[in-house]
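The values are calculated or read from the model by the stated rules, or taken from the named source; none is laboratory data. Small disclaimer: the values here were computed from a predicted structure and weren't measured. Don't worry about glycine lacking a Cβ; one is built from the backbone with ideal geometry, like all the others, and counts go over all protein chains shown. Heavy atoms of the whole protein, side chains included, go into the accessibility calculation; ligands, DNA and RNA do not. Shrake-Rupley method; radii C 1.70, N 1.55, O 1.52, S 1.80 Å.
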Amino acid sequence: MKKIVSLVGARPQFIKEAVVGAEARGRNAWKHVLVHSGQHYDANMSDVFFSELDIRRPDHFLGTGSGTHAAQTADVLVKFEALLLDEKPDMVLVYGDTNTTVAGALAAAKLKIPVAHVEAGIRQRPKDMPEEINRVLADHISARLFCCSSLAAENLAREGISSGVWVAGDVMYDLYLKMRRRFTPDETRERFGLEKDGYLLATVHRDFNTDDPKSLGGVLEGLVRARAKSGLDVVLPLHPRTRKRIDEFGLAHLAASLRTVEPLGYLDLMSLTQQCAAVITDSGGYQKEAYYAGRRAVVVMPDTGWRELTDCGWNVLCAPEAADLERALAAIAEPCAYPENLFGDGTAGKRIVESLAV
Ligand code: UD1
């Protein structure tokens, strides 16, 4: 039986592994070795996803933790290479666009172990954003590339990558469909003391929004103004990086009028999303999850890898400035038909596992 090592390290990867790992186990498709890099390590950034999404305990923890890009990537690279030499898998599976992704793909490719990349072909500006660097590099050294849409496959074709490319759909959509019977919108909203359709849900964690006081201040000021203008509550689950920067830049007075909460697990975030008025986010995954929940999102980014959602006007891009957030919120209040089935039909995990099993 084939042996496949799957490497995860951050929220979006836990979510994708939950689908692919379960599908592979259910079909006894291959011997599945699960490795956690430790890029995310706080209980509410990691453990919560394993327990909620029934992901089995990883076989190996690399214990990498936080660091500069080079330090973090290099640590995963060195430790993962040693593990691969020991495990000798037939293939390595990586997800998305984090430092864990690029380190895992590079370690495997240099050992001539074929790499499968789930969520391949996403492209966005600025080209120097860490996630863009990671995904471009991972795609170019992968043997199997699983895309969420035909647009992603076209992006790859433009860069000369056509062999090994499969349009499988989005495993995050599979997970959404699988988990939705466990969402508890009323109970969760009441636990947070919120009214139905009476709140905006916001998440901010990207380096270009959080590491610059002007940008982070602009986003927070925009949220404060949105609250004042609309009378809606603004719920802001705080990524540890954002919390740190708010303190460092002296922006706590702005955050004070928002409903800041600890980072949310999958079930709480998805349950709250069901009844929010709108989403404001710079997360790649959450802008899609909002769409799956039938909610529109302001995407605080200069560009998005999920153009299918902005081209039709469902989601709207926005600069990290209060006035622009106001404009974008007005834009998503305009009617827009729900764009159906942009990222597959909920069988991406099955397609990926069937393709890798042969
Ligand atoms: C990373 C990914 C990003 C993904 C996001 C999901 C990269 C370059 N970026 O961004 O693509 O969207 O994960 O959340 O890989 N920290 C903690 N506890 C933790 C984890 C992080 O306190 O459990 C703090 C540390 O101060 C750390 C900072 O958050 O330095 C940033 O974490 P890091 O993993 O480097 O990047 P993210 O912003 O989480």
request  = Determine if segment 144-156 includes at least one residue that is in contact with a Pro (Cβ under 8 Å, 6 or more places away or on another chain), open to solvent by less than 50 Å² (accessible area, probe 1.4 Å) and not aromatic (Phe, Trp, Tyr).
outcome  = yes
note = Filter segment 114-133 for residues that are surrounded by fewer than 19 Cβ atoms within 10 Å (Cβ to Cβ) and within 11 Å of the ligand (Cβ to nearest atom); the one that is farthest from TYR95 (Cα to Cα) is MET129
request  = May I ask you to say which residue of VAL78, VAL92 is touching a residue at least 40 places away in the same chain (Cβ under 8 Å) and outside any loop (DSSP other than H, G, I, E, B)?
outcome  = VAL92
inquiry  = Show the residue pairs meeting these rules: Cβ distance below 8 Å; 6+ apart or different chains; first residue within segment 130-157 and closer than 22 Å to ASP282 by Cβ; second residue aromatic (Phe, Trp, Tyr).
reply    = CYS148/PHE343; SER149/PHE343
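Residues to consider are ASP345, ASP268, ASP303; find the one that is within 17 Å of the chain's Cα centre (by Cα), among the acidic types (Asp, Glu) and under 30 Å from ASP47 (Cα atoms).
Numbers: ASP345 fails: within 17 Å of the chain's Cα centre (by Cα); ASP303 fails: under 30 Å from ASP47 (Cα atoms).
None of the other options fit; the residue is ASP268.
Please find, within segment 262-285, the residue that is least open to solvent (accessible area, probe 1.4 Å) out of those that are among the small types (Gly, Ala, Ser) and within 14 Å of PRO185 (Cβ to Cβ).
As a first pass, look at segment 262-285 and keep what is among the small types (Gly, Ala, Ser): 265, 271, 277-278, 283-285.
Adding the requirement that they be within 14 Å of PRO185 (Cβ to Cβ) leaves 271, 277.
Values: SER271: 1, ALA277: 47 Å².
Result: SER271.
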message = Please count how many residues of segment 203-247 are more than 16 Å from the ligand (Cβ to nearest atom), under 18 Å from ASP324 (Cα atoms) and in contact with a Lys or Arg (Cβ under 7 Å, 6 or more places away or on another chain).
response = 1
Among (1) modelled with pLDDT under 95; (2) open to solvent by less than 50 Å² (accessible area, probe 1.4 Å); (3) not in a loop (DSSP other than H, G, I, E, B), the one test that ARG25 misses = (2)
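This table checks each residue for (1) away from the ligand (no atom under 16 Å from the Cβ); (2) surrounded by 17 or more Cβ atoms within 10 Å (Cβ to Cβ); (3) at positive phi; (4) modelled with pLDDT of 95 or more.
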position: ILE4; (1), (2), (3), (4): yes, yes, no, yes
position: GLY21; (1), (2), (3), (4): yes, yes, no, yes
position: THR68; (1), (2), (3), (4): no, no, no, yes
position: THR98; (1), (2), (3), (4): no, yes, no, yes
position: ALA107; (1), (2), (3), (4): no, yes, no, yes
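For every residue, the table says whether it meets (1) of a type outside the set (Val, Ile, Thr); (2) surrounded by fewer than 17 Cβ atoms within 10 Å (Cβ to Cβ).
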| residue | (1), (2) |
| --- | --- |
| GLY217 | yes, no |
| VAL224 | no, no |
| LEU238 | yes, no |
| ASP247 | yes, yes |
| ALA255 | yes, no |
| THR260 | no, no |
request  = Could you give me the residue pairs with C-beta distances under 7 Å whose first residue belongs to segment 30-58 and is within 13 Å of the ligand (Cβ to nearest atom) and open to solvent by 10 Å² or more (accessible area, probe 1.4 Å), whose second residue is among the acidic types (Asp, Glu) and outside any helix (DSSP H, G or I) wherever it lies, and which are 6+ apart or on separate chains?
outcome  = ASN44/GLU262
message = Can you name every one of the helices (runs of 4 or more DSSP H) wholly within segment 115-226 that holds 3 or more residues which are of a type in the set (Gly, Ala, Ser)?
response = 150-158
key: Lone unmet requirement of (1) away from the ligand (no atom under 16 Å from the Cβ); (2) surrounded by fewer than 21 Cβ atoms within 10 Å (Cβ to Cβ) for LEU200   = (2)
message = Just to be sure before I move on: is LEU83 more than 13 Å from the ligand (Cβ to nearest atom), in contact (Cβ under 8 Å) with a residue 24 or more places away in the chain, part of a helix (DSSP H, G or I) and more than 16 Å from HIS40 (Cα to Cα) in the structure I sent?
response = yes
